[in-house]
Amino acid sequence: MTSQLPPRLALAHISKRYPGVVANDDVSLSVAPGEIHAVLGENGAGKSTLMKIIFGAVRPDAGEMHFNGAPVTINSPHDARNLGIAMVFQHFSLFDTLTVTENIALGLPAAQQGNMKQLAERIRSTAERYGLPLEPNRHVHTLSVGERQRVEIVRALLADPQLLILDEPTSVLTPQAVETLFVTLRQLAAEGTSILYISHKLDEIRALCHHATVMRMGKVTGVCDPRQETAASLSRLMIGGEPPRETRVAAERGPVRLSVQDLSLPRAHAFATELSRISLDVHAGEIVGIAGVSGNGQQEMLAALSGEDTRADHMSVQLGGKPVGRADARQRRRAGLAFVPEERLGRGAVPGMSLATNVLLSHQTPPYVRQGMISPKAATGLAAAVINRFRVKASGPDALARSLSGGNLQKFIVGREIESGPKVLIVAQPTWGVDVGAAAQIHNEILALKATGCAILVVSEELDELFAICDRLHVIAKGRLSPSVPTETATREQVGLWMSGLWEGGPAQAHAGAEVASHG
């Protein structure tokens, strides 16, 4: 970092108010050239709003901004990009019907685009260089959440920014990809790029960042050097106290509630992952986890289990002993299934609808719906109960889903599904972008649901999460599922190898066998 230069970015007395909430309250912050600066805080502390103000996506009500020592007014993301500011959003800003190349082109200044073929080659080489593999010609609607995050990161890197804003950039990246990304960020910083880094992963911040600004309830409550702090002390700075602890609850394992036997599915499109002989059982009172690198069949498997994809053999998926392989999502919900998708906005919740209306996505029986008639009073009451029980920061049941921070919306969606009293719960990325306190709360609610006899399947790219709450683990790689291993005997090294398909009969070994056969 070069201290004699003016700050790359200086914010003074920034404020932003919305009806019923003060998102930013007199916030000041300074980032030097070549500095990696963390912004810490609970969900709803105002971090993402502040980043959107810097990027021109939100206009502040008050305050001043200086960039490279000069006062600036950023009225739009276009202004920000022209200054040399790039941002990776927590909630992706991608067009589903366009390709990776087309989406990235829209986020680059015209001078940096070139023709589409040249840009596709730049995308491919940049993605490979930074360990974030992408297929430039693939349509975004076919990508998993993790793959979409790679698109956002590569788009930001291609802009060659002076200031790079990263909002939860590693939330759905594997540990190996995170390490590769950190090497990239340190190199960018050494070359003079300033980085604003938002993450709830305190160990990442301690390992990567030079300084940290801590926010609580929209205000700056402290500035520190995270390298001199512990994860516990950073957590206390964030939430003003000790975070809730996860409580393991003993539960008697009951009969099989979810059974998947030889589930095979051809690709639904050219870039999908083919599922091959997926088999697993989840018992009542048990949590089974599935680890894996994003894009290895998780999306396709979840669609087949939730009822979004009904192409499977009727007998290949069973709920409570009854075949549902061809049943749609509504029929499976009636059989006792609840489902939390990995994509919050647009899949788990409708952005422009209120929380009260969003509960009706999964609660369509009395008292919420009777003979086709919706009861607004019952829906509002349930939304209020979820907000209260799960401590969701929202103005009330009438708040629009898009008005909530990512972590608070996640708590609401998980709470909505748990409130249905399911016999089987399938949850993808349960704590993506969620702060430490909220993550512990969600884990405790899942563990409490297990104690009631619910069978729970957790698909996550957070190994710490899977080891913390699961009884058994599988790994998915190239559309195949490993054998299960008890969490208490599993090791990270074993899981890491399995994520590459290296188990007996796994896809990597099957490929090697085919190679031997073809050359024999």
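For residues that are within 24 Å of Phe467 (Cβ to Cβ) and either touching a Cys at 6+ places or on another chain (Cβ under 6 Å) or in a loop (DSSP other than H, G, I, E, B) (or both), tally how many sit in segment 291-343. Residues that pass the stated criteria total 8.
Each residue in segment 435-464 was checked for being open to solvent by 10 Å² or more (accessible area, probe 1.4 Å) and not in a helix (DSSP H, G or I), and 4 pass.
With Ala232, Ala251 as the choices, which residue is of a type in the set (A, V, I, L, M) and in a loop (DSSP other than H, G, I, E, B)? Full working, then the answer.
Working: Ala232 fails: in a loop (DSSP other than H, G, I, E, B).
The match here is Ala251.
Please specify each residue of segment 252-268 satisfying the condition of being of a type outside the set (S, T, N, Q) and open to solvent by 60 Å² or more (accessible area, probe 1.4 Å). Full working, then the answer.
Kept after step one, since they are of a type outside the set (S, T, N, Q), are these residues of segment 252-268: 252-258, 260, 262-263, 265-268.
Scanning segment 252-268 gives Glu252, Arg253, Pro255, Arg257, Asp262, Pro266, Arg267, Ala268.
The selection criterion, being small (Gly, Ala, Ser) and within 25 Å of Leu234 (Cβ to Cβ), does not hold for Ala62.
Of all residues in segment 46-69, those that are in contact (Cβ under 8 Å) with a residue 12 or more places away in the chain have Cβ atoms under 7 Å from Cβ atoms of residues that are among the hydroxyl-bearing types (Ser, Thr, Tyr) and not in a helix (DSSP H, G or I), 6 or more apart or on another chain, in Ser48/Ser405; Gly56/Ser76; Pro60/Ser15; Asp61/Ser15; Ala62/Ser15; Gly63/Ser15. Scanning segment 443-461 for residues being on the phi < 0 side of the Ramachandran plot and in contact with a strand residue (DSSP E or B) (Cβ under 9 Å, 6 or more places away or on another chain) gives a total of 12. If the condition is being modelled with pLDDT under 80 and open to solvent by 80 Å² or more (accessible area, probe 1.4 Å), then segment 494-514 contributes Gln509, His511.
Here Thr273 clears all of (1) modelled with pLDDT under 95; (2) open to solvent by less than 10 Å² (accessible area, probe 1.4 Å); (3) among the hydroxyl-bearing types (Ser, Thr, Tyr) except the condition numbered (2). The one condition from (1) surrounded by 20 or more Cβ atoms within 10 Å (Cβ to Cβ); (2) closer than 23 Å to His13 by Cα; (3) among the β-branched types (Val, Ile, Thr) that Val88 does not meet is (2). Restricting the first residue to segment 16-39 and requiring it to be surrounded by fewer than 23 Cβ atoms within 10 Å (Cβ to Cβ), which pairs with a second residue that is of a type in the set (Asp, Glu) meet a Cβ separation below 7 Å and a spacing of at least six or different chains? Listed by first residue and then by second, the contacts come to Lys16/Asp61; Arg17/Asp61. Once segment 1-15 is narrowed to residues that are surrounded by 21 or more Cβ atoms within 10 Å (Cβ to Cβ) and in contact with an Asp or Glu (Cβ under 8 Å, 6 or more places away or on another chain), the residue that is farthest from Cys209 (Cα to Cα) is Ile14.
The values are calculated or read from the model by the stated rules, or taken from the named source; none is laboratory data. Source: prediction; values computed, not measured. When we count neighbours, we look across all protein chains shown, and the Cβ atoms used for this are built from the backbone with ideal geometry, even at glycine. All accessible areas refer to the heavy atoms of the entire protein, side chains included, with ligands and DNA or RNA removed. Shrake-Rupley method; radii C 1.70, N 1.55, O 1.52, S 1.80 Å.
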